[in-house]
Amino acid sequence: MQTAPWKYTLSHDREEDCLLWITRGQGRVTINGLRRGVSMHHAIFLPAGTLFALDLQQGTQALFVQSPHGLAPRMPQEPMLLRIRDALAQAELTGEIDAMARETQRARPLMGDALEARLQLVAIWLRRQIETGAVEAPEETAALRLVRRYARLVTREFRSAEPIAHHAGVLGVTPTHLSRVCRQCCGKTAADLLTERRLHAARVALESPRPPVQEIARGLGFASPAYFTRFIQSHTGLTPSALRAGVSRPSPRRA
């Protein structure tokens, strides 16, 4: 997972299915609005469309697999956190992920078929762990159900300009109650989760030389490019143009 930290620390969802296998260290993961602790030998499965964020401590090592949604039909359909205690099962998953990495590095004939076959084996591995009771399922509460519904709403509506009051109304609660429940479940307000999703989308778009900044702003529901610029600058310390150019955030001066 050698990439810019914001790509994982900001709440976002992906079009692909994702599997994270922690081999060393610890941290926290927020899945559909619920924050949970993770450590070595935790496997985290995130189907496409799952709102998530990772906060891993320095020195943590993890293997990450991302695959097109539906490529392995036997993959679980819901996000889950699994604690793998069996040494053989731990070695099996590490071996399958390492084999996929070697396959992509060599680029041999029928590489796509080989990767798909490996992915099917990972799906079977996940099913076996589910059968053996490795899933650490959270207690179902009214708060969890609400924050989960809100997370799904965020993934669908983050490009709109609708305020939190609108989203709370769709869910049948007040904005105050929604934010209180979000903070209870993940330490962030409803506005924080929505802001992070929009910021992540903006930063992904700004990694490319196209489209124009004003088009990105319009696509994310901002009333004007100037408002979008203020939004980006307030959260990163840089303008959209500077981010696109790859400028590092300035460090604070010492007295």
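The values are calculated or read from the model by the stated rules, or taken from the named source; none is laboratory data. Quick caveat, the model's predicted, so the values are computed rather than measured. Quick reminder, even Gly has a Cβ in these numbers, built from the backbone with ideal geometry, and neighbours come from all protein chains shown.
Quick notes
- Candidates V29, V65 - the one that is at pLDDT 95 or above and surrounded by 21 or more Cβ atoms within 10 Å (Cβ to Cβ): V29
- The stretch 193-245, residues that are farther than 20 Å from L10 by Cα and in contact (Cβ under 8 Å) with a residue 60 or more places away in the chain: A223
Here is a yes/no grid of residues against (1) assigned by TED's automatic domain parsing to the domain that holds S67; (2) over 22 Å from the mean Cα position of the chain (by Cα); (3) of a type outside the set (D, E, K, R):
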| residue | (1), (2), (3) |
| --- | --- |
| V147 | no, no, yes |
| T155 | no, no, yes |
| R159 | no, no, no |
| L171 | no, yes, yes |
| P175 | no, yes, yes |
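- Hits in the stretch 104-124 (condition: more than 24 Å from the chain's Cα centre (by Cα) and either outside any loop (DSSP other than H, G, I, E, B) or among the β-branched types (V, I, T) (or both)): Q105, R106, M111, G112, D113, A114, A117
- Set side by side, the residues E196, E215 differ, and just one is outside the structural domain of S11 (by TED's automatic domain parsing), in a helix (DSSP H, G or I), more than 25 Å from I31 (Cβ to Cβ) and of a type in the set (D, E), which is E215.
- Matching option when the condition is closer than 24 Å to K188 by Cα and either of a type in the set (A, V, I, L, M) or part of a loop (DSSP other than H, G, I, E, B) (or both), among A89, A48, A101, A72: A48
- Test: residue in the stretch 125-138 that is under 30 Å from V181 (Cα atoms) and in a helix (DSSP H, G or I): yes
- Residue within the stretch 58-67 that is touching a residue at least 24 places away in the same chain (Cβ under 8 Å), hydroxyl-bearing (S, T, Y), within 27 Å of L146 (Cβ to Cβ) and outside the structural domain of G187 (by TED's automatic domain parsing) present: no
- Qualifying residues in the stretch 175-194 (those that are among the polar types (S, T, N, Q) and out of contact with any Lys or Arg (no Cβ under 8 Å at 6 or more places or on another chain)) - the one surrounded by the most Cβ atoms within 10 Å (Cβ to Cβ): S179
- Of everything in the stretch 211-223 that is under 24 Å from the mean Cα position of the chain (by Cα), over 17 Å from A242 (Cβ atoms) and of a type outside the set (F, W, Y), the residue that is surrounded by the most Cβ atoms within 10 Å (Cβ to Cβ) is L220.
- Qualifying position, being within 20 Å of V147 (Cβ to Cβ), out of contact with any His (no Cβ under 6 Å at 6 or more places or on another chain), assigned to a strand (DSSP E or B) and touching a residue at least 12 places away in the same chain (Cβ under 8 Å), among A53, A43: A53
- Qualifying residues in the stretch 75-86 (those that are part of a loop (DSSP other than H, G, I, E, B) and charged (D, E, K, R)) - the one surrounded by the most Cβ atoms within 10 Å (Cβ to Cβ): D86
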